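Novice: Could you have a look at this structure, given as structure tokens, before my questions?
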Amino acid sequence: MGHRRLVVGTLLLFVSAALPAQPRRTTLLEISPLSDKEMLRMIPLFGEEGRQCVISHVRDRAFVLATPAEASLLAERFRGVSVVMTDTSARTLHRRAMYGPAMKLPPVYHTYDQIVAEGERLAREYPALIVKRQIGRTTQEGRPIVAFRISSDARTSLDRPRILFTGCHHADELMGAEISLALMRQLVEGYGKDSRITEWLRHGEVFVVPVLNVDGHTVVTSGIDPRWRKNTRDGNRNGVLYEFPEGVDINRNYDFNWAHGGSDDPMSERYRGEYPFSESENRAMRALADDERFLAAITYHSQGEVIFYPWEWRGRKAPDDALLTSMARGLAGSIRTMKGDTCYKAEYGAGTVGQSYPWLYGRYGTFDFVIEVGLGASFFPPEEVPGIIAANLPGAHVALDWMNGPGLSIRVTDASSAKPLEARVWIPSVETEDVDRRTSHPATGRFWRLLPAGSYTVVVSRDGYGTVVLKDVRISTEGWTTHEVKLAGLN
Ligand SMILES: [Zn+2]
């Protein structure tokens, strides 16, 4: 999500060094080696547009767009500056910088068709462990969006805690799809062999949506435009697709504080859409969240080597702040950076942005974490891909362990019919009015909720039924504390 900032987010603008008004930047420069410090010195030379001139800066190698005058200045002041190409098309220059000399996506990355085909192959080989489900179609081009359910009995919807992994809200952030695919393979192929994997799949259900923004991902993976971030909605309805930067930022289209997030300008890279859930990709996620009521979720983005979690909302923290913070830190501490000398950082995300994590947390109580994988580009040179995947799988494993609690598991039924009930389950000492009331699952009456060890009052209510108040519910430090709640009708 923050990839336009690259690594220069904290720079000071020494605009006095900037050149006067610029003609278009038609020269692609490669600068290697270039340290982070040198990058900070270089950016101001481009004036106010400094950051946008940097296409990527991965390890000590940068690609930048420059005017002829800027190119000469950079060659004077920095070593290792070479002209890669000149072209009047910004798209062509970005294609060369991001795809390499072949000008097409390196084969280490998977197309959407390849990802789905690999999921289908796993489902044929391990039919008990993984099933594919279509959760919607894309807004503009109608492509199917699929999820995979992975468990020890994947053909059945089970009464178990569920976790969701999602890749590629943003089209160019390809690593999310690659990590998701690697995780799918590892879980399915490791079941019965690796004891941790076997336990996860016996006690929980794992859902993976490897690519949510299927149309946008296809623009990037087919070699059309590596800059593509949003979906491909034909905003001006002229019938021409892929007019950069058309589309809706589907990570600004959710309905929790939608109006405070993103931009209302259709040509902004953060255009939030005409109204919440205007985009069918987001409606697909809503339908999935309604069906499954996830305990927790991981949403992959690039870049920054940072975890964002709910939230800092105009000075207020999330109701579950202490627990969310410790979970985010545990997650961050398990993922090594590309340099390998340290781990990812955990930072508060904003509560006011229409993104997936405040929405899933605010509306459903799902503890959602954004992981911004890798550093220096939206996607990475082929030789970096295996290392970024390998570094991120331990993070996924930390998240999978959350399916073991500790927390509260309540099943709510109708006292006379014994049928499962969707009911509000409220913990007044934790949940403020900033979030929606959490509810039990309509089909099973089950409610799973992570909680730190302690004593809680739990209020279970449903219109037309007498409210039940559970006092001194003791949550232990391990596993699920279970309660059966029978609600009696008022008539
Ligand atoms: Zn993103």
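The values are calculated or read from the model by the stated rules, or taken from the named source; none is laboratory data. Keep in mind the model is a prediction, meaning the values are calculated, not measured. Virtual Cβ from ideal backbone geometry, glycine too; neighbours counted across all protein chains shown.
Novice: Looking for whichever is assigned to a strand (DSSP E or B) and either on the phi > 0 side of the Ramachandran plot or outside the structural domain of Ser56 (by TED's automatic domain parsing) (or both) here; the options are Phe294, Phe308. Which one fits?
Specialist: Working: Phe294 fails: assigned to a strand (DSSP E or B).
Every option except Phe308 fails the conditions.
Novice: When you check Leu183 against the structure, is it modelled with pLDDT of 95 or more, away from the ligand (no atom under 15 Å from the Cβ), touching a strand residue (DSSP E or B) at 6+ places or on another chain (Cβ under 8 Å) and closer than 28 Å to Tyr364 by Cα, yes or no?
Specialist: On the way: modelled with pLDDT of 95 or more: yes; away from the ligand (no atom under 15 Å from the Cβ): yes; touching a strand residue (DSSP E or B) at 6+ places or on another chain (Cβ under 8 Å): yes; closer than 28 Å to Tyr364 by Cα: yes.
When the stated conditions are applied, Leu183 passes them.
Novice: Next up: Any residue that is within 16 Å of the ligand (Cβ to nearest atom) and modelled with pLDDT of 95 or more - is there at least one of those in the stretch 407-423?
Specialist: Step one: list which residues in the stretch 407-423 are within 16 Å of the ligand (Cβ to nearest atom), which gives none.
Looking for residues that are within 16 Å of the ligand (Cβ to nearest atom) and modelled with pLDDT of 95 or more, one finds none in the stretch 407-423, hence no.
Novice: Could you give me the residue pairs with C-beta distances under 8 Å whose first residue belongs to the stretch 296-310 and is closer than 17 Å to Asp320 by Cβ, whose second residue is within 10 Å of the ligand (Cβ to nearest atom) and in a loop (DSSP other than H, G, I, E, B) wherever it lies, and which are 6+ apart or on separate chains?
Specialist: Correct list of pairs: Phe308/Met1.
Novice: Looking at the stretch 146-171, which of the residues that are buried (at least 24 other Cβ atoms within 10 Å of the Cβ) and closer than 9 Å to Val209 by Cβ is nearest to the ligand (Cβ to nearest atom)?
Specialist: Cys168
Novice: Sticking with this structure for a sec: Under 7 Å by Cβ, and 6 or more places apart or on different chains, what pairs join a residue from the stretch 109-131 that is touching a residue at least 40 places away in the same chain (Cβ under 8 Å) and farther than 30 Å from Gly223 by Cα with one that is in a loop (DSSP other than H, G, I, E, B) and among the aliphatic types (A, V, I, L, M)?
Specialist: These pairs meet every condition: Leu129/Ala154; Ile130/Ala154.
Novice: Sticking with this one: Between Thr111, Thr92, Thr166, Thr139, which is in contact with a Leu (Cβ under 7 Å, 6 or more places away or on another chain), polar (S, T, N, Q) and modelled with pLDDT of 95 or more?
Specialist: On the way: Thr111 fails: in contact with a Leu (Cβ under 7 Å, 6 or more places away or on another chain); Thr92 fails: in contact with a Leu (Cβ under 7 Å, 6 or more places away or on another chain); Thr139 fails: in contact with a Leu (Cβ under 7 Å, 6 or more places away or on another chain).
The conditions single out Thr166.
Novice: State all residues of the stretch 357-383 that are touching a helix residue (DSSP H, G or I) at 6+ places or on another chain (Cβ under 9 Å) and in a helix (DSSP H, G or I); if no residue qualifies, say none.
Specialist: Matches in the stretch 357-383: Trp359, Leu360, Tyr361, Arg363, Tyr364.
Novice: What is the residue count in the stretch 336-365 for residues that are among the hydrophobic types (A, V, I, L, M, F, W, C) and either outside the structural domain of Asp291 (by TED's automatic domain parsing) or crowded, with 22+ Cβ neighbours inside 10 Å (or both)? So that I can check it myself, show each step before the final result.
Specialist: From the stretch 336-365, those among the hydrophobic types (A, V, I, L, M, F, W, C) are 338, 343, 346, 350, 353, 359-360; that's our starting set.
From the residues that got through so far, the ones that are either outside the structural domain of Asp291 (by TED's automatic domain parsing) or crowded, with 22+ Cβ neighbours inside 10 Å (or both) too are 353, 359-360.
Total meeting the criteria: 3.
Novice: Next question. On the given criteria, is Leu331 assigned to a helix (DSSP H, G or I), within 15 Å of the chain's Cα centre (by Cα) and either touching a residue at least 40 places away in the same chain (Cβ under 8 Å) or surrounded by 23 or more Cβ atoms within 10 Å (Cβ to Cβ) (or both)? It would help to see each step written out before you state the result.
Specialist: On the way: assigned to a helix (DSSP H, G or I): yes; within 15 Å of the chain's Cα centre (by Cα): yes; either touching a residue at least 40 places away in the same chain (Cβ under 8 Å) or surrounded by 23 or more Cβ atoms within 10 Å (Cβ to Cβ) (or both): yes.
So Leu331 fits the description; yes.
Novice: Shifting gears a bit: Name the pairs whose Cβ atoms lie under 6 Å apart, with the first residue in the stretch 466-479 and in a strand (DSSP E or B), the second among the β-branched types (Val, Ile, Thr), and 6 or more positions between them or separate chains?
Specialist: Val468/Val460; Val468/Val485; Val469/Val459; Leu470/Val458; Lys471/Thr457; Val473/Val458; Ile475/Thr481
Novice: Let me ask another. Name the residues in the stretch 277-296 that are of a type outside the set (Asp, Glu) and in contact with a helix residue (DSSP H, G or I) (Cβ under 8 Å, 6 or more places away or on another chain), would you? Don't jump to the end; show me each part of the working.
Specialist: Applying the first criterion (of a type outside the set (Asp, Glu)) to the stretch 277-296 yields 277-278, 280, 282-289, 293-296.
Result: Phe277, Asn282, Met285, Ala289, Arg293, Phe294, Leu295, Ala296.
Novice: Kindly indicate the residue of the stretch 295-324 that is within 23 Å of Gly405 (Cβ to Cβ) and hydroxyl-bearing (Ser, Thr, Tyr) and also farthest from the ligand (Cβ to nearest atom) among those meeting that condition.
Specialist: Ranking the candidates gives Tyr309 first.
Novice: Let me ask something additional. Go through (1) under 15 Å from Leu360 (Cα atoms); (2) touching a residue at least 24 places away in the same chain (Cβ under 8 Å) and name the single condition Asp291 misses.
Specialist: That leaves (2) as the condition not met.
Novice: Filter the stretch 340-356 down to the residues that are free of Cβ contacts under 8 Å to residues at least 60 places away in the same chain and either in a helix (DSSP H, G or I) or more than 26 Å from Asn257 (Cβ to Cβ) (or both), then identify the one that is nearest to the chain's Cα centre (by Cα).
Specialist: Our first condition is that a residue be free of Cβ contacts under 8 Å to residues at least 60 places away in the same chain; within the stretch 340-356, this holds for 340-349.
Next, from what is left, pick out any that are either in a helix (DSSP H, G or I) or more than 26 Å from Asn257 (Cβ to Cβ) (or both): 340-343.
On the way: Gly340: 22, Asp341: 24, Thr342: 22, Cys343: 18 Å.
By that ranking, first place goes to Cys343.
Novice: What is the residue count in the stretch 357-401 for residues that are within 16 Å of the ligand (Cβ to nearest atom), closer than 28 Å to Glu431 by Cα and over 13 Å from the mean Cα position of the chain (by Cα)?
Specialist: Here is the first cut: in the stretch 357-401, the ones within 16 Å of the ligand (Cβ to nearest atom) are 357-360, 368-380, 388, 392.
Now drop any that are not closer than 28 Å to Glu431 by Cα, which leaves 357-360, 368-372.
Going one step further and asking which of them are over 13 Å from the mean Cα position of the chain (by Cα), we end up with none.
Number satisfying all stated conditions: 0.
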